[in-house]
Number of protein chains: 4
Amino acid sequence: MSEFAWPIRVYWEDTDAGQIVYHARYLHFMERARSEWLRHIGIEQDQVRDEQNVVFVVTESYLKWIKPARYNDELNVTVENVKIGRASLQFEQRVCRQNQDGEELLVTATVRAAAVADGGLKPMRIPQSIYEKFVAGAKALAE
Amino acid sequence: MSEFAWPIRVYWEDTDAGQIVYHARYLHFMERARSEWLRHIGIEQDQVRDEQNVVFVVTESYLKWIKPARYNDELNVTVENVKIGRASLQFEQRVCRQNQDGEELLVTATVRAAAVADGGLKPMRIPQSIYEKFVAGAKALAE
Amino acid sequence: MSEFAWPIRVYWEDTDAGQIVYHARYLHFMERARSEWLRHIGIEQDQVRDEQNVVFVVTESYLKWIKPARYNDELNVTVENVKIGRASLQFEQRVCRQNQDGEELLVTATVRAAAVADGGLKPMRIPQSIYEKFVAGAKALAE
Amino acid sequence: MSEFAWPIRVYWEDTDAGQIVYHARYLHFMERARSEWLRHIGIEQDQVRDEQNVVFVVTESYLKWIKPARYNDELNVTVENVKIGRASLQFEQRVCRQNQDGEELLVTATVRAAAVADGGLKPMRIPQSIYEKFVAGAKALAE
């Protein structure tokens with residue numbers, strides 16, 4: 001596995017009057033995929049907030065919208081090439097449309113997130129047990 | 001004044017691929033108008049949460065969508081006929097479109113909200129100082 | 001089967017600073033469940049719009065928010081007791097939280113939707129082939 | 001004037017359970033500010049879509065989230081340093097919080113948008129009359 005993929009269906013709520021998916025919605029889709037990847041590697045975000053006082057906030061992102069998704073499309077949102085720092089993470093993500101003959105690339109993003117303490121949101125080191133899960137998860141993705 | 005009115009412009013984010021405002025967005029618009037009415041009568045919701053531990057949650061609503069709003073429309077959202085209980089409030093609200101020859105009624109709603117304690121969200125009596133502002137504000141609207 | 005149920009996970013995007021799901025989001029969840037029930041009974045909304053010029057708009061809703069959902073909750077959203085008219089439909093819907101010992105009722109709604117012509121959004125009769133699918137689908141739910 | 005600024009109030013709908021503004025919402029805020037700048041230089045987007053068949057879609061963006069906004073904050077969203085091409089535009093934008101002693105920088109973005117034909121969304125040259133308004137508007141911002 002060189003990527004983690006999460007399926008997302010486009011509903012009316014995701015579209016705008018240009019009859020395409022509203023550009024900011026892809027950030028939602030990408031966060032859902034990251035959240036599911038975290039769950040996949042054994043991290044429940046509400047648990048680590050309650051037990052280790054850590055939450056992750058997006059700090060930087062570079063996005064390219066290549067082709068629009070439309071109502072009722074079936075998308076795949078990936079998480080790949082994850083880089084783990086002591087206080088932050090970086091993800092590559094793609095949104096693709098599932099078609100009969102394969103996949104069409106719609107949006108790409110690089111997303112950085114930082115570990116911060118719940119409440120005041122001060123930057124903090126990623127707690128060791130979580131860090132190890134990240135490293136193992138990122139390694140599994142790279143294989 | 002028999003109503004409080006708050007102007008809202010329709011942006012792309014508010015619309016869907018049916019080329020009208022997405023039906024759930026009117027609940028956002030109505031909350032903005034209620035928030036601004038609270039501010040108008042001297043209640044800042046973050047202050048009363050921090051100082052008196054009270055937040056207000058919507059518990060019941062009856063909505064009628066009569067005509068659709070569209071991209072770029074200028075709307076007026078009202079708050080009127082407010083009824084104050086010891087632990088809850090009820091509002092009548094309308095969303096109208098501002099046209100050259102007046103206003104066109106788009107959506108109506110009755111909205112009930114309850115006072116709950118921040119954190120556990122247990123129902124609580126509205127603190128007296130806030131209750132008095134509500135009563136005075138509702139009375140001013142009814143005149 | 002006396003109901004159709006659709007699972008929905010709560011992500012950060014669905015919550016607000018009260019640390020609960022934002023009240024308007026349940027209308028999104030309910031529309032997703034209705035859309036999936038339509039798909040389940042053989043109706044793809046983009047197809048019927050393109051081929052038969054019909055779209056469905058929400059015209060009326062009565063909602064009760066009983067308990068709040070929170071970040072990371074697993075919800076089930078139902079469609080049940082569907083009533084079919086010649087130009088409109090009525091649904092009962094519930095949002096429940098899946099717990100270890102069963103389900104907890106969070107939100108209930110009655111939702112009415114009307115058939116309208118794509119473009120001008122004039123009310124229209126539900127095309128016969130769609131009407132028959134609705135009647136069969138509603139009957140299957142009632143058994 | 002070296003920038004165009006648009007005030008935006010943070011409501012419950014904009015926040016998430018981390019008790020800060022949800023990261024994707026800033027893209028909404030920035031689009032509102034761009035839309036208002038277009039209006040300010042004489043371009044109504046629904047008119048140019050209906051009369052000249054052109055719409056603008058976001059194609060690329062680089063965002064930095066520096067500090068979080070919170071419920072009830074008063075923000076200023078700028079449009080500045082606009083660069084006009086024959087088929088695309090580039091904007092610099094900042095989101096600042098208005099405080100008693102001035103402004104605090106929260107989010108920065110570079111946003112590119114392309115002109116596309118309404119319907120099929122094929123890239124197109126910006127119609128001459130609109131292009132001239134853009135050039136004059138960008139020049140006024142740079143002075």
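Listing for the model above:
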| quantity | calculated |
| --- | --- |
| Centroid-to-centroid separation of the range A:83-138 and the range D:2-49 [C-alpha atoms, Å] | 26 |
| Among C:A138, C:V111, C:P123 the positive-end extreme of the charge dipole of the range C:87-142 (Cβ point charges) | C:P123 |
| Sum of side-chain charges, B:E3 neighbourhood, beta-carbon under 12 Å (Lys, Arg +1; Asp, Glu -1) | -3 |
| Principal axis box of the protein assembly as shown, alpha-carbon based, largest edge first, Å | 53, 53, 49 |
| For the range B:102-143, convex hull volume per residue from C-alpha positions, Å³ | 124 |
| Shielding score for A:47-56, defined as the mean number of other chain Cβ atoms within 10 Å | 1 |
| Selected from C:K67, C:K133, C:K122 as most flexible by GNM, with chain C as the system and alpha-carbon contacts under 10 Å | C:K122 |
| For chain A, built as a Gaussian network whose Cα springs stay under 10 Å, the top-fluctuating residue of A:L106, A:L121, A:L89 | A:L121 |
| Inter-chain Cβ neighbour average for residues C:57-67, partner chain, 10 Å | 6 |
| In range of the label at D:Q90: residues from the range A:23-64 whose backbone nitrogen is under 16 Å from the point 7 Å along Cα→Cβ | A:62-64 |
| Label zone at B:Q100, where the point sits 7 Å out along the Cα-to-Cβ direction: the range D:27-42 residues whose backbone N lies under 20 Å | D:42 |
| Net charge of Cβ neighbours under 12 Å - reference D:L89; Lys, Arg +1; Asp, Glu -1 | +3 |
| Sequence-separation-based contact order of the range A:4-142, relative, with Cα cut under 8 Å and 6+ spacing, percent | 28 |
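Any read-out appearing in this document is the output of simple, stated calculations on the displayed coordinates, not a laboratory observation. Fair warning: this is a prediction, and the values are worked out from it, not measured in the lab. When we count neighbours, we look across all protein chains shown, and the Cβ atoms used for this are built from the backbone with ideal geometry, even at glycine.
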